[in-house]
Every structure is written in C-alpha cells, then in structure tokens.
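Structure, as structure tokens:
The values are calculated or read from the model by the stated rules, or taken from the named source; none is laboratory data. As the structure is a computational prediction, the values presented were derived from the model and not from experiment. In this analysis, Cβ positions are derived from the backbone assuming ideal geometry, glycine residues included, and neighbour counts consider all displayed protein chains.
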Amino acid sequence: MRHWLFHPLLFYPLALLIAAFVIAVSLEPQAWPREPAPVASARVGEWLVFQGEAFNSPSVDAQQQEMTVPRDFFGRARALNIAQKPSAPPPSTEDQGARILLSPEDAAALAGRPVTIEVSYNPLPINAATGLAVSLRGDGPSAWVSQPAPPQSATLRFQMPAQSSVAAIGLRVLSDGTDQAYGLEITRIRLAPHA
C-alpha cells in the first residue's frame, strides 16, 4: 500500500519546492556583496570600535586592492579581507584603498583632531602581506602611514595627524611580492581622537 505522501499531486510539487530551496541556498544570497554605505562605530570609552557588522559594506579602489567580506551563514560580516593586486605601486596620497565609510557622528568626532588607530589582523595562511598602511580619507588627498605586519596575529598602532574633514578609514596592505595578491584579514579597528 502506498503512502499518501507519494501521491503524484503531492510528491512532485513538494520535490520541486525542495529542489528550488536547495538551489537558492547554494547560491548563498546572504553572502553577496553589499553597496558601500557608512557604518556607525561602537563606543567603548574614548575608542570608536569597528568590528564584525561594521565591515558589512566597505568600499574599495578596485585598481589597487582586492577585498572580500567573510560572512556567517546568515550573512553577518565577520572580518574584512584585503589584498594588494600583483605589481601594485606603493600608496600615493590620491589612492583610496579599502575604505570603511564613517557615519556623520563618527566623522565629526575625528575631524580636526589627531587620531590613534589600532588595527588588529590575522595573516592569511598563504600569501600573507608584509605591511599595512592606514589613512584617514576626506575630501582631498591624505597621507598614508605604514608599518610592517609580522606574520602572526597582531595589533598595529598608528598615529595619524589631524585632518579637517574625515569621511572614511583607508586601508592598504603592502607586499614586496609581485607574482600574486598578498593580503591580511582585518578583525578589528579602534580609533581614539585626541584633544
């Protein structure tokens, strides 16, 4: 005797729905790239902290950098992976790099004040970059401050000069290698404006 679930009027539509669901889930729409948008920081004392969801919608200068945002199953950002394209020149004042766009409140807190920036990162298991450059991006050109990035998880501290207008945090990875893209996984960025 057949089970009622295997009746053709139930079984075939149900099989089509299950197949459509499996195909939709395999496309991972929750992990598709987002349009660049400003994000607000979490405030921890004097620090503006960007991590996790703050990496949801960054912007990138596609000529110099490659960027991906690793996400969990539900599409929540976990980190920010950036890599320097092969044979890319060192950053100039006009280069944008990968940028975390700031909310108006955060931009106002940083404008016209020297800033300490701490960037925590994990090296990529293969082809890790050897340095990191940071910049506070605004209306015009702004300088990049760079440091070597040791090949283990670490936090780099940058002292940035005051800038009149700030709209984003710029990140560029640096590498001497020219054969492939070299990068880092950024896990947290903290900024402290000074008087």
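Are any of the residues in the range 47-67 touching a Pro at 6+ places or on another chain (Cβ under 7 Å), over 24 Å from Q163 (Cβ atoms) and in the same structural domain as A168 (by TED's automatic domain parsing)? Among the residues of the range 47-67, not one is touching a Pro at 6+ places or on another chain (Cβ under 7 Å), over 24 Å from Q163 (Cβ atoms) and in the same structural domain as A168 (by TED's automatic domain parsing), which makes the answer no. Contact map, the range 80-95: residues that are at negative phi paired with residues that are of a type in the set (V, I, T), Cβ distance under 7 Å, separation 6+ or inter-chain. Pairs shown: L80/V69; L80/I186; N81/T68; I82/V173; I82/I186; A83/V173; Q84/V173; P86/T178.
In the range 59-79, the qualifying residues are those that are in a loop (DSSP other than H, G, I, E, B) and under 11 Å from the mean Cα position of the chain (by Cα), and the one that is farthest from L27 (Cα to Cα) is A79. Count of the range 1-33 residues, restricted to those that are aromatic (F, W, Y), closer than 30 Å to N81 by Cβ and either part of a helix (DSSP H, G or I) or in contact with a helix residue (DSSP H, G or I) (Cβ under 7 Å, 6 or more places away or on another chain) (or both), is 1. Can you name every residue in the range 133-166 that is out of contact with any strand residue (DSSP E or B) (no Cβ under 6 Å at 6 or more places or on another chain) and either hydrophobic (A, V, I, L, M, F, W, C) or within 15 Å of A88 (Cα to Cα) (or both)? Passing the criteria: A143, A154, A162. Against the definition (assigned by TED's automatic domain parsing to the domain that holds L156, crowded, with 21+ Cβ neighbours inside 10 Å and closer than 18 Å to S164 by Cβ), how does R137 come out, yes or no? Answer is yes for this residue. One residue stands out among those in the range 162-195 that are assigned to a loop (DSSP other than H, G, I, E, B) and modelled with pLDDT of 90 or more: the one that is surrounded by the most Cβ atoms within 10 Å (Cβ to Cβ), which is V166.
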